[in-house]
Amino acid sequence: MIRVICIGTLLALAACGRPQNAGSVEATTEVERPEWRLVIHGGAGVILRENLNAEQEAAYVEALETALDAGADILRNGGSAVDAVQAAVIPMENDPLFNAGVGAVYTAAYEHELDASIMDGRDRNAGSVAGVKRVKNPVLAARAVMDQSEHVMFAGQGADDFAQAAGLEMVDNSHFNTERRLRSLESVLERQKQRTSAEKAGTVGAIAIDVNGNVAATTTTGGMTAKAQGRIGDAPLIGAATYAQNGVCAVSATGHGEYFIRVGVAKTICARAELAGDAIGDAAQEALDQVAALGGDGGVIVMDGNGHYEYVFNSPGMYRGMIDPERRETAIFEAE
Ligand code: ASP
C-alpha cells in the first residue's frame with residue numbers, strides 16, 4: 001500500500017509526491033487549511049518506469065500540468081471547488097492519454113460506454129451519467145444532471161438524450177477511438193478477457209477545496225477494457241468512486257470498479273473520517289485494504305475538510321498531481 005501524506009505548510013511538503021511504504025510518512029506540522037487546493041489523478045495501475053519512455057513520461061506530466069492549471073485558474077480567481085474539479089478533468093477527457101472521453105477503452109462490442117460523476121460538498125448535491133456513448137464530455141453531462149434535473153443519475157440513451165437537451169456538444173461514438181485502446185481490446189479478447197493491470201489504468205478524477213472552504217469531487221472514465229455491454233463501474237456511483245462533504249472529505253477513486261462498488265470506497269472513507277474520527281489517509285487506507293482483501297486493486301485521492309490530502313494506492317503507480325497557491329507537484333511511479 002502506497003501513501004503520500006501532505007499538508008498545507010512548507011515544512012511537510014518535502015514528502016509530497018514521493019510515495020513511501022504505508023505508515024512511513026508522518027505529518028510533521030499542524031494541519032492548516034490552504035487558501036485553495038486541487039488534487040488530480042489520471043488512473044492507477046501497473047505503471048512502471050521501464051514501460052514508459054522519456055517522451056511518454058513527459059507527455060503525461062504535461063497533461064497533468066495542463067489539468068492542474070485549468071482547475072487552478074478557477075480557484076485562484078475565487079471560483080468554486082465544483083467548477084474547479086470539472087475544469088480540471090475536461091482537458092484529460094479530451095486527451096487520448098487517459099481512459100476518459102477521447103482515449104476511452106473499448107467494450108467487448110468495440111464501442112465506448114462512458115461513466116462520470118460529480119459532487120458538491122456544500123450541499124452534497126450530485127450528478128452522474130452511466131454508459132453514455134455520444135456526449136463529448138461526460139463530466140459536463142454529470143454536472144447538467146446535478147444542476148438541471150431533479151435526479152442524481154441517468155443511464156444509457158436517456159443520459160445521452162438528457163445531455164443533448166441540455167445543449168452539450170454531442171459526437172459520434174467513433175470520436176473516442178484510438179489505435180492504442182483498440183490494440184488493448186484485441187489483446188484482452190485474445191487472452192479471454194484476462195486484463196493486465198496496465199490495461200485497467202487511465203480513469204481521471206479531481207478533488208478540490210476553494211477559498212470558502214467548500215470541497216468537491218469528480219471521476220470520469222471509459223471503464224474497463226472489453227467490459228460487457230451495459231456494464232457500469234464505480235465511477236458514476238456516488239459513494240463508490242466519488243464523494244464530497246464539506247468539513248469532512250473529498251474523494252475520487254480509480255481501480256477495479258467491481259471491488260470499489262462492493263466496498264463503497266468513497267463513502268466508507270468519508271464515514272470513517274466523520275464518524276470514527278479517522279485521519280483521512282487512515283480512512284482511505286482502511287477502505288483500500290478492504291478492496292485488496294476482496295482481490296481488487298486501485299487507488300484514491302483524498303482530502304479532509306481542511307484540505308489535507310493524500311494519494312493512497314495499492315498498485316505500482318498512479319498518475320497524480322496537486323496545486324495550491326504555494327506549490328505544485330506531479331508524480332507517476334510508485335517511488336519518485
Ligand atoms: N474504476 C474504473 C471502472 O471500473 C476503471 C479505472 O478506474 O481504471 O470502471
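For A166, the conditions (1) more than 28 Å from D297 (Cβ to Cβ); (2) in contact (Cβ under 8 Å) with a residue 60 or more places away in the chain; (3) of a type in the set (A, V, I, L, M, F, W, C) all hold with the exception of (2). Restricting the stretch 246-263 to residues that are surrounded by fewer than 24 Cβ atoms within 10 Å (Cβ to Cβ) and closer than 23 Å to R37 by Cα, the residue that is nearest to the ligand (Cβ to nearest atom) is V248. Does G239 meet the test of being within 16 Å of the chain's Cα centre (by Cα), farther than 27 Å from A59 by Cα and either at pLDDT 95 or above or near the ligand (Cβ under 8 Å from one of its atoms) (or both)? Judged against the criteria, G239 is a match.
Here G307 meets the list (1) closer than 17 Å to Y243 by Cα; (2) in contact with a helix residue (DSSP H, G or I) (Cβ under 9 Å, 6 or more places away or on another chain) almost entirely, failing just condition (2). Restricting the stretch 52-62 to residues that are touching a residue at least 60 places away in the same chain (Cβ under 8 Å) and assigned to a helix (DSSP H, G or I) leaves a set whose member that is farthest from R37 (Cα to Cα) is E57.
Annotation for the stretch 204-227: no member residue is within 12 Å of the ligand (Cβ to nearest atom), among the hydrophobic types (A, V, I, L, M, F, W, C), out of contact with any Lys or Arg (no Cβ under 8 Å at 6 or more places or on another chain) and over 16 Å from G45 (Cα atoms).
For the stretch 231-271, a residue qualifies if it is farther than 20 Å from I40 by Cβ and acidic (D, E), and exactly one does: E258.
Table: residues versus (1) touching a residue at least 40 places away in the same chain (Cβ under 8 Å); (2) over 21 Å from N99 (Cβ atoms).
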position	(1), (2)
R231	yes, no
G239	no, yes
V248	yes, yes
S252	yes, no
K267	no, yes
A271	no, yes
L294	no, yes
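Those helices (runs of 4 or more DSSP H) of the stretch 113-198 in which at least 2 residues are more than 21 Å from the chain's Cα centre (by Cα), considering only elements entirely within it, cover 156-165, 179-190. Among the residues making up the stretch 264-278, those that are within 15 Å of G299 (Cα to Cα) and surrounded by fewer than 24 Cβ atoms within 10 Å (Cβ to Cβ) are G264, K267, T268. Quick one: which of D289, D282 is free of Cβ contacts under 8 Å to residues at least 60 places away in the same chain and acidic (D, E)? None of the other options fit; the residue is D282. For the stretch 156-189, the candidate set comprises residues that are among the small types (G, A, S) and over 14 Å from H112 (Cα atoms); within that set, the residue that is surrounded by the most Cβ atoms within 10 Å (Cβ to Cβ) is A159. So which residues in the stretch 298-331 are modelled with pLDDT under 95 and in a loop (DSSP other than H, G, I, E, B)? Once the filter is applied, which keeps residues that are modelled with pLDDT under 95 and in a loop (DSSP other than H, G, I, E, B), the stretch 298-331 yields N314, S315, P316, G317.
The values are calculated or read from the model by the stated rules, or taken from the named source; none is laboratory data. Note that the coordinates shown come from a computational prediction; the quantities given were computed from them, not determined experimentally. Every residue, glycine among them, receives a Cβ derived from its backbone with ideal geometry; neighbour counts consider all protein chains shown.
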